[in-house]
1. Looking only at the range 218-256, count how many residues are on the phi < 0 side of the Ramachandran plot, in contact with a helix residue (DSSP H, G or I) (Cβ under 7 Å, 6 or more places away or on another chain) and among the hydroxyl-bearing types (Ser, Thr, Tyr).
2. What's the total number of residues in the range 89-137 that are assigned to a helix (DSSP H, G or I) and either touching an Asp or Glu at 6+ places or on another chain (Cβ under 8 Å) or not small (Gly, Ala, Ser) (or both)?
3. Give just the number: which of (1) over 12 Å from Arg146 (Cβ atoms); (2) modelled with pLDDT of 95 or more does Leu205 not satisfy?
4. Given the conditions (1) part of a loop (DSSP other than H, G, I, E, B); (2) touching a Lys or Arg at 6+ places or on another chain (Cβ under 8 Å); (3) buried (at least 23 other Cβ atoms within 10 Å of the Cβ); (4) of a type outside the set (A, V, I, L, M), report the number of the one that Gly78 does not fulfil.
5. Could you give me the residue pairs with C-beta distances under 6 Å whose first residue belongs to the range 77-105 and is modelled with pLDDT under 95, whose second residue is of a type in the set (A, V, I, L, M, F, W, C) and part of a loop (DSSP other than H, G, I, E, B) wherever it lies, and which are 6+ apart or on separate chains?
6. Check the range 212-221 and report whether any residue there is modelled with pLDDT under 95, surrounded by 13 or more Cβ atoms within 10 Å (Cβ to Cβ), polar (S, T, N, Q) and touching a Phe, Trp or Tyr at 6+ places or on another chain (Cβ under 9 Å).
Amino acid sequence: MGVLKGKIAVVTGAGRGIGREICLSFAKQGAKIVVNDLGADRDGTSESKVADEVVKEIKELGSEAVANYDSVVTVEGGNNIFQTCIEAFGAMDILVNNAGILRDRTLYNMEESEWDGVINVHLKGHYNCSRPFVRYIRDSNRLNCRIINMSSVSGLYGSFGQTNYGAAKAGIAGFTRSLALEVAKYKCTVNTISPGAATRMTFDLIEAAGGKYDATDWTQGPEQIAPVVTWLCSDAADTVTSQIIHSQAGILGIMQQPAVIKSFTTEKLWTVEQLDKLMPELIEAKKHHDVEVSEKGAPKKI
């Protein structure tokens, strides 16, 4: 019996790459799945029925699935995706917010449409798809549900030429932390994935950095993300929430959350002279902290 036997999931952006691999992993573990994908190109333009191919693969694995082609960009689209799940399977337990696009450009050259397009798909898309699910959880008292959100090192670390994408992905991490608090009473967990994988979204970035994609190397591909998401959606992860789990290049890790490293207090308003002394101490403390975290976070072979 699979660890997701009897569970019903929605995966957005599931026609290719990470989303497709998550769907196939869910299917192998017994879940029924709504495969959502607009079928757009990497920049969000165009449409196709690529979700149908994934539905066929899921059925060949012996599980149940239906396709949905709505865009996550609108509230209507998010509601339609949710309704597709309810109409097809009568309930919903898992939401994986995976849909995404790229419109990379330095801020100097970035047009408003390039900013809005990325923010709308990623950050607003998480809102549009999560809201109907959260309302369903509350209104029906549906317990032990799971929400998985997709962030990126582009937002958590920063990435040249991706202020739009980085802002959206950093916002998703904050969205996760707040939403986890809101649904905790229903035993619903909300976690963030920081993924790294070679997909159509990243092939050219890999090549630009001098790399080469090897389809036989699982440490490069999206298949490494799928089992991590599957585990987070299983009963084994019922107490794991508001975390950022990193999976990239064969490395599995957990990321630190924002926290104060060192601080001072005073009874009077800060003066510039005080800050001349204290700010360097704070910066130095941060440097020492970063070194310590880097050493502790180095991967251990198992």
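1. 3
2. Step one: of the range 89-137, the residues assigned to a helix (DSSP H, G or I) are 89, 112-137.
Now restrict to residues that are either touching an Asp or Glu at 6+ places or on another chain (Cβ under 8 Å) or not small (Gly, Ala, Ser) (or both): 89, 112, 114-124, 126-129, 131-137.
Residues that pass the stated criteria total 24.
3. Leu205 satisfies every listed condition except (2).
4. Just one mismatch for Gly78, condition (1).
5. Leu102/Met201
6. yes
The values are calculated or read from the model by the stated rules, or taken from the named source; none is laboratory data. What you see is a predicted model, and the numbers here were worked out from it, not measured in a lab. Glycine also receives a Cβ, built like all others from the backbone with ideal geometry; neighbour counts cover every protein chain displayed.
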